[in-house]
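Down below is the structure, laid out as structure tokens.
Derivation of every value follows stated rules applied to the coordinates shown; laboratory data play no part. Just so it is clear, the structure is predicted and the values come from calculations on it, not from any experiment. Cβ atoms come from the backbone with ideal geometry, glycine included; neighbour counts cover every protein chain shown.
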Amino acid sequence: MPVQTRDGGVRVIGRANRYRRSRRSELVIWWREIDRVLLGLVMVLVVIGAIAVAAASPASSHRLSTGAKSLGDLHFFWLHLRWLAVGLITMFLASLLPKETARRLAIVLAAAMIFGLILVPILGTEVKGARRWLNLGISLQPSEFLKPGFAIALAWILSWRVRDPKIPVMGISIGVMLLVGALLMVQPDFGSTVLFLGVWFVLVLLSGLSVKRIAMALGMGITVLVLAYLFYPNATHRIDSFIWGGSEFDQVDLAMRTLLNGGWGGTGLWLGTRKMALPEAHTDYIFSVIGEEFGLIMCGVIVLLYCAIVMRVLLRLLDEDDLFTVLASAGLTAQLAGQAFINILVNLQLFPSKGMTLPLISYGGSSTIALLLGVGFLLAITRRNPYLSRETFDPKDRAPRERAPKGRTRKAPKPDDSGDSAAP
């Protein structure tokens, strides 16, 4: 391909050079459109998580060492770095996707993981009384990869209502939630069921449904929790242990004591002592390890970082005019923040033990990759051209509302009788 140079000459660019220039241009566009603040907040949590796993690794390594095999103090830290590298690459590749491609991929992922959940009771591997993993050469936990796919697929279903209000999106979403909940309760995985139910409720709330239907959805959720307590032994045991005490409560009590042992400033890296008796120090109770070795101030910083991620996404969506983008972004954020605050509340003795990791911080294989994949989808869906003006989204009538100059207001036209929204 001949290209004219600045001095008037002609230079031929080969196919390889054109490809490199094309890839470079795509990366430049990606960097301009990506939410760099959100990416920065996520990377800060990832770095904190790597340091926290290094602090918690000796406790878990000593507990899991046997006479036949002794694990090094940093055994889980080195493994975490490997999973983290895979997860960050996955996040980067997912964030490069166009919004429509990310949506299609997430829907396919959700369908595949639901099929995986069906296989878990039959072919799954049992660990500590729960059958949640499939052994496919590596240990795969379908429920972890279902989380980002579920939020996006459900947002896609609920967004159908804009095109045709007659589509029974509420009934379809309830059916999907009941299917996922039933498959999770078989494992059993009561904690993930509560998290999925929370994400479903947030999306139903934001989709513009009537107050009556939202009340029905809330009542259904409460009914499910009551039935789970009455007829599901795993849920009954966890809730009773939280209220009356027991083996699970003893772990949470130990976590709370570990959390407070460091005071405001912490004992220092690898100087904590109570963590050595803490079960699952590198996963479920890593927040307590952070409290002991880095202090309550660092715990507060982590809470603020999660709050900042939520606020950043909400601010990003204020000028959004697409219902699917609003719902998918809110669902992914609710999943991330909900899991984080459930884990933190468990460590603070304010919630029953759930066996749930702290997102972007705890050690994990499937969970780390799945969480970073969800962040990649979130970055892809919220990408926008900074030079294009946006229209605000009105969740009340689910129609775009054009931004008016100061001192003037302009209402969006009502949809016609056919059910299709009119252009602003």
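Starting at the first residue of the stretch 284-289, write each ³J(HN,Hα) from the Karplus equation 6.51 cos²θ - 1.76 cosθ + 1.60 with θ = phi - 60°, in whole Hz, x for Gly and Pro.
After applying 6.51 cos²θ - 1.76 cosθ + 1.60, I find 5, 10, 5, 4, 5, 5 Hz.
Could you pull out every residue, at least 5 positions away or on a different chain, whose amide H is within less than 5 Å of the one on Asp321? Hs are placed 1.01 Å off N in the peptide plane, and Pro or chain starts have none.
Amide H neighbours of Asp321, under 5 Å, 5+ apart: Glu391.
Taking amide H positions as placed 1.01 Å from N in the peptide plane, with prolines and chain starts having none, which residues 5 or more places from Trp133, or on another chain, fall under 5 Å of its amide H?
Residues meeting the criterion, in which the H sits 1.01 Å from N, are Thr125.
Label-point separation (nm) for Leu227 and Leu271, each offset 7 Å from Cα along Cα-to-Cβ?
Computed distance between label sites Leu227 and Leu271 equals 5.4 nm.
Label Trp30 and Leu315 with points 7 Å out from Cα along Cα→Cβ: what is the distance between them in nm?
Placing both labels 7 Å beyond Cα along the Cβ direction yields 2.5 nm.
Given labels modelled 7 Å from the Cα in the Cβ direction, how far is it in nm from Leu218 to Ile51?
With each label point 7 Å from Cα toward Cβ, the separation is 4.1 nm.
Compute the Cα gyration tensor for the stretch 279-343, then decide on rounded, prolate or oblate, letting a ≥ b ≥ c be the square roots of its eigenvalues: rounded whenever a/c is under 1.5, prolate when a/b is larger than b/c in the other cases, and oblate in all that remain. Walk me through the intermediate numbers first.
On the way: a/c = 5.85, a/b = 2.24, b/c = 2.61.
Here the stretch 279-343 falls in the oblate category.
Which FRET efficiency value, to the nearest 0.05, do you get for Ile172 and Leu71 by plugging their Cβ-Cβ distance into 1/(1 + (r/R0)^6) with R0 = 45 Å? Write down the numbers at each step before the final one.
Working: r = 48 Å, r/R0 = 1.06.
E between Ile172 and Leu71, to the nearest 0.05, is 0.40.
Please tell me which of these pairs span more than 29 angstrom C-alpha to C-alpha: Lys99/Lys147; Lys99/Lys354; Lys99/Lys212; Lys166/Lys354; Lys69/Lys147? Could you put the intermediate results ahead of the total?
Numbers: Lys99/Lys147 18 Å; Lys99/Lys354 33 Å; Lys99/Lys212 32 Å; Lys166/Lys354 39 Å; Lys69/Lys147 35 Å.
Pairs exceeding 29 Å: Lys99/Lys354; Lys99/Lys212; Lys166/Lys354; Lys69/Lys147.
Could you compute the FRET efficiency for Leu350 and Leu304, with r as their C-beta to C-beta distance and R0 at 22 Å, rounded to 0.05? Mind showing how you got there, number by number?
On the way: r = 18 Å, r/R0 = 0.81.
Efficiency computed from Cβ-Cβ geometry: 0.75.
Return the sequence-ordered ³J(HN,Hα) values of the stretch 39-55 in whole Hz as given by the Karplus equation 6.51 cos²θ - 1.76 cosθ + 1.60 applied to θ = phi - 60°, using x for Gly and Pro.
4, x, 5, 5, 5, 4, 5, 4, 5, 4, x, 4, 5, 5, 5, 4, 6
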